[in-house]
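**Q** Quick one: this structure, given as structure tokens, is what I'll be asking you about.
Only the coordinates and a few stated rules stand behind these numbers; no lab work does. Everything quoted here is computed from the prediction, not taken from an experiment. In this analysis, Cβ positions are derived from the backbone assuming ideal geometry, glycine residues included, and neighbour counts consider all displayed protein chains.
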Amino acid sequence: MSLITATIRTDALRHNLAVAREAAAHSRVMAVIKANAYGHGAPAVAAALHEADAFAVARLEEALQLRQSGIAQPIVVLSELLDAEKIEACAEHDLQPVVHDLATVETLVAKHVIERLGKVAETVDAHSGGRGLTLWLKVDTGMHRLGVPPDDCERVYRQLVACPHVNEVRVMTHFSSADEEDDAGITDDQINQLSRATGNLSGIQKSLANSAAVLTHRRSHAEWIRPGLMLYGADPLAKANDLSVCLRPVMQWQSRVIAVHEIAAGAVVGYNGTWRSERRSRIGTIACGYADGYPRHARNGTPVVVDGNIVPLVGRVSMDMITVDLTDHPGAQIGSTALLWGDQLPAERVAECAATIPYQLFTAVGGRTRFVYTD
Ligand SMILES: *Cc1c(COP(=O)(O)O)cnc(C)c1O
């Protein structure tokens, strides 16, 4: 059996979804479960979050896997390179692709694509009620990564709506700086830009807010919010607020102490001897390294919880192991549990010590970790 386990608390997932709903009571929730639900296991997370109004993933492949595992809710595909085949697959599997580039508009109006979508419609629409494609048009309001310029929004929207087999077009944008304590008005400016870009379009559904904006920018909530990180219980905000402190960590990532050594004062630990003991010390070795997803750049002093006590990481993170200072906790021994992050130790804190973000920590958990889902 695997030494490393990620216990995924589905009750915490549902609690965090409720926090998002409480924050944006008038919006529907598109739960973002891309990248295997931020490393938590997409099919299981989707099943646990069955009350979400829709799901969002990055690529078509991820959406198809969810359909294969029986997820029936609408699924938005956020960042695909949409060619004719992929658009056809979206129609076939009732997926909602994000159109983020003018080239996709050209594809959608091409005669052979319209014909293919017509064929799909004949077979699929019979059981999906003849709806046709729901598309999301992405507008670039400042991220400069994906999307059409705000000035093109209205024209492209009308072009998309006029496409045969397109049932509905919704509009979205993405914030660059909503997580900052003071973003110098950037988020408000992005909200204003989208509202100007869609000013002449009545009755459209819009989506702007990521987790950070859900928690901080009421004006951004609109018809659909798109929380990701907050659902997994990590605080997306640089500075926590009243809502974000209610979030509960979902992943409890644990391993065990596999060796304990006494070392003399002045001895060094690990590759390149980057940590030197100031006293006679008891060093514990834990089975979890960067190959398992533990951040290699975690610095000396990064907290780890051994048998319920916070102890400091000492020495470099290796591929399969880390080392911690157990001197002040003589009860800790071979077999003791080591929590890498979870309830007692937010992933945000570990991320800070490794100069990274919880997003990266979660999505890196892999390989030798056994996943357990509890209620
Ligand atoms: C990942 C993603 C989100 C979710 O962001 P969080 O910060 O995790 O809430 C929302 N929208 C888009 C377009 C994304 O790519």
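**Q** Out of all the residues in the stretch 67-81, which are surrounded by fewer than 23 Cβ atoms within 10 Å (Cβ to Cβ) and either on the phi < 0 side of the Ramachandran plot or among the acidic types (Asp, Glu) (or both)? Spell out the reasoning first.
**A** We begin by selecting, within the stretch 67-81, every residue surrounded by fewer than 23 Cβ atoms within 10 Å (Cβ to Cβ); these are 67-74, 79, 81.
Of everything in the stretch 67-81, those that are surrounded by fewer than 23 Cβ atoms within 10 Å (Cβ to Cβ) and either on the phi < 0 side of the Ramachandran plot or among the acidic types (Asp, Glu) (or both) turn out to be ARG67, GLN68, SER69, ILE71, ALA72, GLN73, PRO74, SER79, LEU81.
**Q** Ok, one more. Among the residues of the stretch 144-185, count how many are closer than 16 Å to ALA103 by Cβ and in contact (Cβ under 8 Å) with a residue 12 or more places away in the chain.
**A** 9
**Q** Is there a residue in the stretch 247-270 that is part of a helix (DSSP H, G or I) and either out of contact with any strand residue (DSSP E or B) (no Cβ under 7 Å at 6 or more places or on another chain) or surrounded by fewer than 20 Cβ atoms within 10 Å (Cβ to Cβ) (or both)?
**A** no
**Q** Follow-up question, since we're still on this one. For residues in the stretch 156-178 being touching a Gly at 6+ places or on another chain (Cβ under 7 Å) and within 13 Å of the ligand (Cβ to nearest atom), which is farthest from GLY142 (Cα to Cα)?
**A** Going through the qualifying residues, I end up with THR173.
**Q** Tell me the residue from ALA37, ALA56 that is within 12 Å of the ligand (Cβ to nearest atom), surrounded by 23 or more Cβ atoms within 10 Å (Cβ to Cβ), among the small types (Gly, Ala, Ser) and part of a helix (DSSP H, G or I), please.
**A** Values: ALA56 fails: part of a helix (DSSP H, G or I).
On inspection, the qualifying residue turns out to be ALA37.
**Q** Scan the stretch 337-369 for residues that are outside any helix (DSSP H, G or I), within 14 Å of the chain's Cα centre (by Cα) and under 18 Å from ILE286 (Cβ atoms) and report the count.
**A** The total comes to 1.
**Q** Give the residues of the stretch 179-232 that are assigned to a loop (DSSP other than H, G, I, E, B) and within 10 Å of the ligand (Cβ to nearest atom), sorted by residue number.
**A** ASP179, LEU208, ALA209, ASN210, ARG226, PRO227, GLY228
**Q** Mind telling me which of the residues ALA31, ALA44 ends up being outside any helix (DSSP H, G or I), touching a residue at least 40 places away in the same chain (Cβ under 8 Å) and farther than 25 Å from GLU154 by Cα?
**A** On inspection, the qualifying residue turns out to be ALA31.
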